[in-house]
Amino acid sequence: MSKILIRGIEALLTVNHDNAVLTDQSIVVEDDRISAVGPADQIEQQYKDQEFSKVISGSHRLAMPGMVDAHLHLSEHLGRALFPDQLSTRPWVFNWAKPLYAAVDTEAEYIGTLLAGIEMIKTGTTCCLDMGTQNDVGNTVKAITEAGFRCVTGRHAADVKPAKLPAHWTQEMIDHHFFPNHEVALEELGRSVREHNNSADGRVRVWVNIEGKEPCSPELHAGSRALAEELGVGTTYHIASSIEEARVSEEKYGMWPVSRLKEIGALGSNLVLAHVVAIRDEEIGYLAEAGTKVAFCPGTSLKIAKGATKIGKYPEMIDAGVTLALGCDGSAAAGSLNQMQQMYLMAGLFKDCRMDPFQVPAELALRLVTIEGAKALLWDDEIGSIEAGKKADIVLFNLNTPRLGALSRPHSGPGLLGHTRLRRHGPDRWAAAHGRPQASAPG
Ligand SMILES: [Zn+2]
């Protein structure tokens, strides 16, 4: 059994129930779990006769839970800076993303996944919800296992060919992207879960993931969630990802996408919806009521002009008790897999567009990329905070650098989060909505 001591950590962001920020702490890790967290002198005393296989100095270090990326496409990782900057959602998907995916074979996917893993781990993300592969799930699971990160992945599926496809699409591309119907798709999705879920000693999970929106039938939307429930896993897909999608839905069904999901019985607590930029007030209530989670990708919104700050209601979702997490979406969409950038955007965008400095305080932004991400992935019993008994997914920042020096507020320390005043609209309001004890205000 390996036993590691991280000794005398200068600042520890636990992201626990009380959002405790502690100083001069030590962490003991036995195998892959945290066995003790406490004041350095207390841990020193408690373990004084014990041998450690490794001792890591926490001097000039800030520790926080490994970040969770709640919406990511590992398959597109070799597509960084490949697409033009001037694209809206539909041409992005059909003229660029899908042709890229059709060109990604198992070798490219394997290498891309390894590189994505390195990038995530190097920037503090230890877990992600991958939308899944259109190739062999076993190949992706192998790459994730070797790269060393924690992941939910799957066999990405769609079953409805849009009426109009770009002229350059070949039959081979069409066959690569679309199952003949929802039954065949669900069969394959179920098989991938049965064969690969809980790989790498439980570090890799496999869900019933589908693409969502127009390339998926109502039967596949509702069927994926029901199958996920039957198999004891989750599902995720894109929905309400642009105002154009909402308008098409209104025209076709007389209602916006989230209302449509409610109508067909597709909402549930084992579902993570990606983007959800086009949403009406009453639809936020549907999500809260069903326990459905949302993965907001700020970088994608900026790049593809989705209108997160113009029409998005992400702070309102948090207030209503919806579990909101953040995602990079992919290297093509966000330019990097660095969740710190998404956290920074989340902590700043709504302050600016609503001209309200109390929107999304730093402590809340941090929760969104840690414990709320873990909840979205149905994994918060094991990850998302630094507490005894949880998996040792811990990130250490070196504070002995010019960028992170003069640390007076640890949450703002990583140089990204800026303003942390917590009065009118801070975590207190958020905590009240979530039934949690109030976070203390620094004044
Ligand atoms: Zn996506």
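The values are calculated or read from the model by the stated rules, or taken from the named source; none is laboratory data. Just so you know, these numbers come straight off a predicted model, no measurement behind them. Cβ coordinates were reconstructed from backbone atoms using ideal geometry, including for glycine residues, and neighbour counts include every protein chain displayed. Surface accessibility is based on the protein's heavy atoms, side chains included, excluding ligands, DNA and RNA. Shrake-Rupley method; radii C 1.70, N 1.55, O 1.52, S 1.80 Å.
Here are the numbers for this structure:
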{"item": "Residue within segment 284-292 that is out of contact with any strand residue (DSSP E or B) (no Cβ under 6 Å at 6 or more places or on another chain) and within 16 Å of the ligand (Cβ to nearest atom) present", "result": "no"}
{"item": "Complete set of residues in segment 165-180 that are assigned to a loop (DSSP other than H, G, I, E, B), more than 19 Å from Gly132 (Cβ to Cβ) and in contact with a helix residue (DSSP H, G or I) (Cβ under 9 Å, 6 or more places away or on another chain)", "result": "Leu165, Pro166, His168, Trp169, Thr170"}
{"item": "Selection count, segment 14-55, where residues are surrounded by fewer than 12 Cβ atoms within 10 Å (Cβ to Cβ), assigned to a loop (DSSP other than H, G, I, E, B) and of a type in the set (S, T, N, Q)", "result": "2"}
{"item": "Check on Ala143, open to solvent by 20 Å² or more (accessible area, probe 1.4 Å) and among the small types (Gly, Ala, Ser)", "result": "no"}
{"item": "Selected residue (criterion: most open to solvent (accessible area, probe 1.4 Å)) from residues of segment 306-329 that are part of a loop (DSSP other than H, G, I, E, B) and without any contact (Cβ under 8 Å) to a residue 40 or more places away in the chain", "result": "Lys313"}
{"item": "Flag if Leu302 is of a type in the set (A, V, I, L, M, F, W, C), in a helix (DSSP H, G or I) and modelled with pLDDT under 95", "result": "yes"}
{"item": "Matching option when the condition is away from the ligand (no atom under 16 Å from the Cβ), at pLDDT below 95 and buried (at least 21 other Cβ atoms within 10 Å of the Cβ), among Ala362, Ala332, Ala374", "result": "Ala362"}
{"item": "Residue within segment 163-173 that is among the small types (Gly, Ala, Ser) and open to solvent by 50 Å² or more (accessible area, probe 1.4 Å) present", "result": "yes"}
{"item": "Search result, residues across segment 81-109 that are farther than 26 Å from Val137 by Cα and in a helix (DSSP H, G or I)", "result": "Thr89, Arg90, Pro91"}
{"item": "Single match in Val37, Val21, Val29 (criterion: under 25 Å from Ala374 (Cα atoms), in contact with a Pro (Cβ under 6 Å, 6 or more places away or on another chain) and in contact (Cβ under 8 Å) with a residue 24 or more places away in the chain)", "result": "Val21"}
{"item": "So Val277, is it in a loop (DSSP other than H, G, I, E, B), within 16 Å of the ligand (Cβ to nearest atom) and under 22 Å from Thr89 (Cβ atoms)", "result": "yes"}
{"item": "Filtered residue count, segment 121-139, keeping only those that are within 16 Å of the ligand (Cβ to nearest atom) and under 14 Å from Glu76 (Cβ atoms)", "result": "6"}
{"item": "Checking Gly148 against (1) buried (at least 20 other Cβ atoms within 10 Å of the Cβ); (2) on the phi > 0 side of the Ramachandran plot, the condition it does not meet", "result": "(1)"}
{"item": "Qualifying residues in segment 335-351 (those that are surrounded by 24 or more Cβ atoms within 10 Å (Cβ to Cβ) and within 16 Å of the ligand (Cβ to nearest atom)) - the one farthest from Cys127 (Cα to Cα)", "result": "Gln342"}
{"item": "Where a residue in segment 100-126 is among the small types (Gly, Ala, Ser) and its partner, wherever it lies, is not in a helix (DSSP H, G or I), with Cβ under 7 Å and at least six apart", "result": "Ala116/Leu337; Gly117/Gly148; Gly117/Phe149; Gly124/Gly66; Gly124/Met67; Gly124/Val395"}
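Conditions (1) closer than 22 Å to Leu227 by Cβ; (2) open to solvent by 20 Å² or more (accessible area, probe 1.4 Å); (3) in the same structural domain as Ser301 (by TED's automatic domain parsing), marked per residue:
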| site | (1), (2), (3) |
| --- | --- |
| Thr89 | no, no, yes |
| Ala103 | no, yes, yes |
| Gln134 | yes, yes, yes |
| His156 | yes, no, yes |
